[in-house]
Amino acid sequence: MHREIHSWYSPRLNKNMEIVMYGHYGPALLLLPTAAADYLEYERFLLIDAIAKYIDEGKVKVFSINSINSESWLNNHMHPRHKSIRHQQFNAYVYEEVIPFIRSKTSEDTPIITSGASLGALHSANLYFRRPDLIAGTIAMSGSYNLSTYTKGYHDEDVYFNSPVQYLPSLNDDYYLPLLRQGKYTYILTGSGDYETPEASRLLSQILHAKGIPHKLDVWGYDMPHDWPTWRAMLPYYIATHL
């Protein structure tokens, strides 16, 4: 399997950020780490191995980036407003740095689909719902789609606009909503086993349905906990059958 590591200094995050790329061609899959992990997390936990067949076949080209969750919502020593600002800086890094990098390694017409598990699912879904002009869809696994889950009671405008279950019900603009309604790759996945919260995925699905946004909600069984074996089953299945 072809593998490259790149890095650059991000002016939006004021730090060096790495990205790993797997494969040669295919739709671009952008992976967002789970919690405070790095760009190699999905490789360490063998999810890349689980989808290697599809990477080698050119069914998908994978890009995985660092999180900065330890510098925002998972940092207990940081003022909540600063966490919120850092989250917005991360969004800008993805939209204004990562997306152009992916375009440089694929093409302007290659669809970019975000994916992630747990907190990475929130990021992947949120990045898509906010900018469907840049991102074609999301495969979100085992997520909670309300950022307030992580803010310990803090709330401001940036928390609102990074919580899909908060801002989507009021989304009525003439640009982004029609793009979301044209989307073909919105998949909301969850298990029902230990530490999973399928009700969070069902709530997001209800909101998407009410807004006329096409998607698939897929609730897996009680044998699927909030853990890597679940995600190593989900992602290859969706790449094989839905991309």
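Loop only per DSSP, at most 12 neighbouring Cβ atoms within 10 Å: give me the chymotrypsin sites (Phe, Trp or Tyr not before Pro) in region 201-243, ordered by residue number.
When the chymotrypsin sites (Phe, Trp or Tyr not before Pro) of region 201-243 are filtered for loop state and at most 12 Cβ neighbours within 10 Å, Tyr222 remain.
For the cross-link pairs Lys61/Lys216; Lys53/Lys152; Lys15/Lys216; Lys15/Lys61; Lys83/Lys211; Lys152/Lys216, the ones whose C-alpha atoms lie over 32 Å apart are Lys53/Lys152; Lys15/Lys216. For region 73-92 versus region 140-175, the spacing of their alpha-carbon centroids is 15 Å.
In terms of surrounding Cβ atoms within a 10 Å radius of their Cβ, Glu108, Glu41 rank from fewest to most as Glu108, Glu41. Residues Lys105, Lys15, ranked from the fewest to the most other C-beta atoms within 10 Å, line up as Lys15, Lys105. From the alpha carbon centroid of region 1-35 to that of region 94-128 is 10 Å.
In deg cm²/dmol, rounded to 500, what helix-only [θ] at 222 nm does the chain give when every DSSP H run of at least 4 residues adds -39500 (n - 2.57) and the total is split over its residues? Each step should come with its number before you reach the end.
Values: 11 runs with 88 residues, N = 243.
Computed mean residue ellipticity for the chain: -9500 deg cm²/dmol.
In summary, the convex hull built on the alpha carbon positions of the chain has an orientation-averaged projected area of 12.2 nm².
Of all beta bridges DSSP finds with both residues in the chain, what is the antiparallel percent, to the nearest 5?
DSSP beta bridges in the chain are roughly 35 percent antiparallel.
Calculated translational diffusion coefficient of region 5-134 (4 °C, 1.567 mPa s; Stokes-Einstein with Kirkwood radius over alpha-carbon pairs) equals 87 µm²/s.
What list do you get for Met141, Met1 if you sort them by fewest beta carbons within 10 Å?
Details: Met141 28, Met1 13.
By the 10 Å Cβ count, ascending: Met1, Met141.
Coordinate-derived values only; no laboratory data. Not measured: the values here are computed from a predicted model. So basically every Cβ, Gly included, is an ideal-geometry build from the backbone, and we count neighbours across all protein chains shown.
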